[in-house]
Structures are given as structure tokens and as C-alpha cells.
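The next block holds one structure in the form of C-alpha cells; read it before the comments.
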Amino acid sequence: MHRGAVVHEMYRDGTQRHTPHFNASAAKSYIGLTVATLVHQGLLDRSARASAHIPELAWNRLRRRHDRGPAAQTDRPGSEFRYENGNVETLAEILRRITGLTTSALLSDMVWSKTGAEEDAYYVLDGDGVEVACGGFSATARDVARLGELLRHGGAVGDRQRFRVCGWRAVAITRGGLRGP
């Protein structure tokens, strides 16, 4: 994609334009967009402990750190590198508890429906039937490119603003203002 137009497209191994592609860890960014929206709406406090929403974690004293990016990591020269998915799964559970919606329904409402996607996207479910938020998202390449293009333009498609983007924050909006769960 270049300046909003597909300039080259090729599919291999039996895949086609309408074949969903596994997004792996890019899925963390989609959770981040949803978190940013809820923070902006005042429904999620970035400074609150995860245990405020998930009492089962009270023993852990885990804090949510949205400003560190999608995965907690230590990457200073000479230090240990750790790539973790647990913090994203914790965020997804917090989102489910705050909104009462599944990860799929929440992402669809706050992010995916704003992209102009041509195809449905989906999450892989774990053994308990819960979406794998840290990497289980699949969508077509074109629709993922649409989301990238939307973010590249500060959340606008044509003359219609769909997100407000400020640094790491992106806030979904509708004609009537902010849209909440």
C-alpha cells in the first residue's frame, strides 16, 4: 500500500485476497487501541492496579503499564530481554470485565468497524473459549492495511475522523461524539 492505494498484491500457497492472515503479535496493538479509547473515555484508569478489576491478581501487585508498549520488555544494552504476553492477556481480561463484552465484540465496536474492512476478522480461542488477545487475531492483508492507513492519517478516512490519535493514544469517535460500550 502506498498513499492509500494497493500497489502490489501477491498471495501464495493457496491463499487469496479474502484469506485471513494470522496477525500474531500485531494483535497486541489492537488491544492497545481499545485500551486507549477506554482511557480517553474515563472508563479505565492507567494508574490503577490490575487487581482493582481482577481481584484474583491482588496477591501479585501487578500494575498495568500502557506506556511501555504492548509487551513488557527490558532491552537496554547488556540487560536481559524478556518478551511477555501475560500483560496483554491481563489487559484484555480487564477490558472484558469493564465493558461486559468479549474481546471480539469490543474490538469490533471500537476499532475494526471504523476501518472500512471488507471482511470479518476473528480471534483464535483458548481451551476455555476465550480470545487469545496477545496474538490470536486474523484478518485479511487488505483490511490490516486499511487500519494502518487509518492510523497513518491520524484516524481519518477521507474527510471523516474515526479515531483521534495523540502519541500512543487513539480514540474512536462517531458523528455524535465519543462512542462508549
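Rundown of residues vs (1) free of Cβ contacts under 8 Å to residues at least 40 places away in the same chain; (2) among the hydroxyl-bearing types (Ser, Thr, Tyr); (3) within 19 Å of ARG162 (Cα to Cα), yes/no style:
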site	(1), (2), (3)
GLU89	no, no, no
MET110	no, no, yes
GLY116	no, no, yes
ALA121	no, no, yes
VAL130	yes, no, no
ALA141	no, no, no
LEU150	yes, no, yes
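What residue, of THR115, THR90, THR99, is farther than 18 Å from LEU38 by Cβ, surrounded by 13 or more Cβ atoms within 10 Å (Cβ to Cβ) and at pLDDT 75 or above?
Step by step, each of THR115, THR90, THR99 is checked, and only THR115 is farther than 18 Å from LEU38 by Cβ, surrounded by 13 or more Cβ atoms within 10 Å (Cβ to Cβ) and at pLDDT 75 or above.
Would you please name the residue that is surrounded by the most Cβ atoms within 10 Å (Cβ to Cβ), looking only at residues in the stretch 129-177 that are modelled with pLDDT under 75 and among the charged types (D, E, K, R)?
Among those residues, the one meeting the criterion is ARG162.
The values are calculated or read from the model by the stated rules, or taken from the named source; none is laboratory data. Keep in mind that this is a model prediction, so the values were computed, not measured. Backbone-built Cβ (ideal geometry, glycine too); neighbour counts: all protein chains shown.
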